[in-house]
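Report on one structure; see the data block that follows.
The values are calculated or read from the model by the stated rules, or taken from the named source; none is laboratory data. In this text, all values refer to a predicted model and were calculated from it rather than measured experimentally. Methodologically, a virtual Cβ is constructed for each residue, glycine included, from the backbone with ideal geometry; neighbour enumeration extends over all protein chains shown. These area figures cover heavy atoms from the full protein model, side chains too; ligands, DNA and RNA do not enter into them. Shrake-Rupley method; radii C 1.70, N 1.55, O 1.52, S 1.80 Å.
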Amino acid sequence: LGNAGLWLQLAFTVATYLAAKDAKWSVEVASKHTTVCLLLLIPMLGLVAGARAHWQFRILTWGWLLGVLHLSYNGISIWLRYGGRADNVGGQSSDANWLGTICVCVAPIALSMFLTEKTRLMRLAALGALAVYGVGIMASGSRGAMIALVGGMAYWLLWTSKKGRALGVAGIGLAGFLVIAPPD
């Protein structure tokens with residue numbers, strides 16, 4: 001019960017339920033997302049119970065990053081091909097805001113890996129993933145996700161010991177946001 005990720009998933013499930021019961025278009029369709037959140041608790045409990053060694057957590061983290069990288073790639077492809085917001089990218093939801101949300105969740109992890117990985121190849125892979133997540137957020141067209149990314153990176157900047165690198169990445173992200181962000 002001391003796992004913060006488990007409690008965050010429970011909080012996310014409650015927030016999803018509260019948002020679904022007041023859905024503007026269809027409460028029934030929105031309620032399906034609450035069910036998905038509850039079903040995701042089952043593998044999370046398995047991961048919390050089964051992964052104990054450091055290397056197991058690294059494998060799980062890289063797996064998560066690669067899964068979101070794939071969704072971001074789908075979103076970027078849709079965005080470049082059709083313009084507008086990147087809907088129907090796959091995954092848990094087909095909404096463009098969901099793509100922005102999931103990219104915002106993993107971008108700080110990729111930044112952390114860029115700053116702390118021991119090998120140059122792994123640092124470059126994390127930096128490349130961070131760039132794809134940033135463009136994925138822009139492809140989603142979610143202004144809230146863009147603001148959350150900049151805010152999350154600023155918060156991370158306060159706590160890292162490698163402020164020069166973090167500031168450079170955050171500055172590049174902010175410049176990309178200002179150049180590519182939708183006008184409305």
Quick calc, the chain, dipole around Cα centre from Cβ unit charges on Lys, Arg (+) and Asp, Glu (-), nearest 20 debye, gives 600 debye
Can you give the convex hull volume per residue for the Cα atoms of the stretch 126-183, as a whole number of Å³?
-> 68 Å³
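Based only on Cα atoms, what Rg/Rh ratio does the stretch 1-57 have, Rh being taken as Kirkwood's radius? Intermediate values should be presented prior to the final figure.
Details: Rg = 14.0 Å, Rh = 12.5 Å.
In the stretch 1-57, Rg relative to Rh is 1.12.
Do you know the relative contact order of the stretch 120-184, to the nearest whole percent, from alpha carbon pairs under 8 angstrom that are 6+ apart? Don't jump to the answer; show the numbers that get you there.
Working: 24 pairs, mean separation 22.8, N = 65.
Reported as a whole number, the value is 35 percent.
For the stretch 34-141, which trypsin sites (Lys or Arg not before Pro) are both in a DSSP coil and crowded by at most 16 other Cβ atoms within 10 Å? Numbers along the way, then the final one.
Details: sites: ARG52, ARG58, ARG81, ARG85, LYS118, ARG120, ARG123; in loops: ARG52, ARG85, LYS118.
Sites meeting the loop and neighbour criteria: ARG52, LYS118.
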If you average the sequence gap of Cα pairs under 8 Å that are 6 or more apart and divide by the length of the chain, what percent do you get for the contact order?
-> 17 percent
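Give the value in nm², to one decimal: projected area of the alpha carbon convex hull of the stretch 80-184, averaged over all directions. Intermediate values should be presented prior to the final figure.
Values: hull surface 27.5 nm².
Mean shadow area of the hull around the Cα atoms is 6.9 nm².
Given a 1.4 angstrom probe, I'd like the percentage of the accessible area of the chain that is carbon and sulfur, rounded to a whole number.
About 71 percent, which is the carbon plus sulfur part of the accessible surface.
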Paired Rg and Dmax values of the chain, which use every Cα atom, in angstrom | 17.0, 49
Average accessible surface area per residue within the stretch 53-153, 1.4 Å rolling probe, Å² = 49 Å²
Using alpha-carbon coordinates alone, the radius of gyration and Dmax of the stretch 1-100 in Å work out to 15.8, 45
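Tell me, what are the semi-axes, in whole angstrom and largest first, of the equivalent ellipsoid of the stretch 64-104 as set by the roots of 5 times the Cα gyration tensor eigenvalues? Present the calculation step by step, with values, prior to reporting the outcome.
Working: eigenvalues 48, 23, 13 Å².
Result for the stretch 64-104: semi-axes of 15, 11, 8 Å.
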Taking only DSSP H segments of four or more residues, each worth -39500 (n - 2.57), what value at 222 nm results for the chain once the sum is divided by all its residues, to the nearest 500 deg cm²/dmol?
-> -28000 deg cm²/dmol
Scalar couplings 3J(HN,Hα) for the stretch 77-82 by Karplus 6.51 cos²θ - 1.76 cosθ + 1.60 (θ = phi - 60°), nearest whole Hz, x for Gly and Pro, are 4, 5, 4, 5, 6, 10
Putting +1 on Lys and Arg Cβ atoms and -1 on Asp and Glu Cβ atoms, find which of LEU47, THR119, LEU174 reaches farthest to the positive end of the dipole of the chain.
-> THR119
